[in-house]
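> Take this structure first; my questions come after.
The values are calculated or read from the model by the stated rules, or taken from the named source; none is laboratory data. What you see is a predicted model; the values in this text were computed from it and never measured. FYI the Cβ positions are ideal-geometry reconstructions off the backbone, even for glycines, and counts take in every protein chain you see. We work out accessible area using only protein heavy atoms, side chains counted, and drop any ligands, DNA or RNA first. Shrake-Rupley method; radii C 1.70, N 1.55, O 1.52, S 1.80 Å.
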Amino acid sequence: AAESTATVSSPAPAPAAEGFDDDWEDYNPSRGPFLHHMVAGSMAGFVEHAGIYPIDWVKTHMQANRFLTAEQMRGILRRTSPQAFFRGLTAVFWGCVPAHAMYFSVYEQSKERFGANNPGRHPLAAAASGATATVFHDVVMTPLDVCKQRMQLGLYGSVGNAIRSIVHAEGVSSL
């Protein structure tokens, strides 16, 4: 029997669609001011947080009341008004928008500084850029996340009241 010498080749990648920008997530100065990129990212972050907010509300209540049975949690959900599922969303807005703006601006600056924008692949530079941006994001977001969770539990009615009360009773480090 004759041996087959046919080779198996992988298919060629499909050509990019006309006008398709495969680097759409990266900031490109020719596509408009950085402010537009930053605001769009901030708003996208807020919409993402707001979309899953009722699930986050349930999670926060389950964490705060660790010993609730499933039936007790269902009872809380039945008695809760629909508006209550969004209590604390203002804290998310006031934290998320500047935190995501901070993330996008620091990330782009870090990529430039660490060399992640240079031709070729630079995974350590990209990781360092992401880590740096995340630290700056979290410095802004974490204190407002504390307010959000306490507002979800009904302890405070506004972001300002939550911040003042928490700092007064527990100190700044509690944020």
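> How many of the residues in segment 73-100 are touching a residue at least 24 places away in the same chain (Cβ under 8 Å) and open to solvent by 20 Å² or more (accessible area, probe 1.4 Å)?
Here the count works out to 10.
> Of all residues in segment 38-72, how many are closer than 20 Å to residue 96 by Cβ, open to solvent by 40 Å² or more (accessible area, probe 1.4 Å), of a type in the set (Gly, Ala, Ser) and touching a residue at least 12 places away in the same chain (Cβ under 8 Å)?
Looking only at that region, the number is 1.
> Here is a further query. Among the numbered criteria (1) farther than 18 Å from residue 137 by Cα; (2) within 19 Å of the chain's Cα centre (by Cα); (3) modelled with pLDDT of 75 or more; (4) not acidic (Asp, Glu), which single criterion is violated by residue 24?
The one condition residue 24 does not meet is (3).
> Here is a further query. Quick test of your reading of the structure: residue 143 fulfils all but one of (1) crowded, with 17+ Cβ neighbours inside 10 Å; (2) in contact with a helix residue (DSSP H, G or I) (Cβ under 6 Å, 6 or more places away or on another chain); (3) of a type outside the set (S, T, N, Q). Name the failing condition by number.
(2)
> When you check residue 125 against the structure, is it over 22 Å from residue 98 (Cβ atoms), in a helix (DSSP H, G or I) and aliphatic (A, V, I, L, M), yes or no?
yes
> In this structure, does residue 163 turn out to be open to solvent by 50 Å² or more (accessible area, probe 1.4 Å), part of a helix (DSSP H, G or I) and of a type outside the set (Ser, Thr, Tyr)?
Working: open to solvent by 50 Å² or more (accessible area, probe 1.4 Å): yes; part of a helix (DSSP H, G or I): yes; of a type outside the set (Ser, Thr, Tyr): yes.
Answer is yes for this residue.
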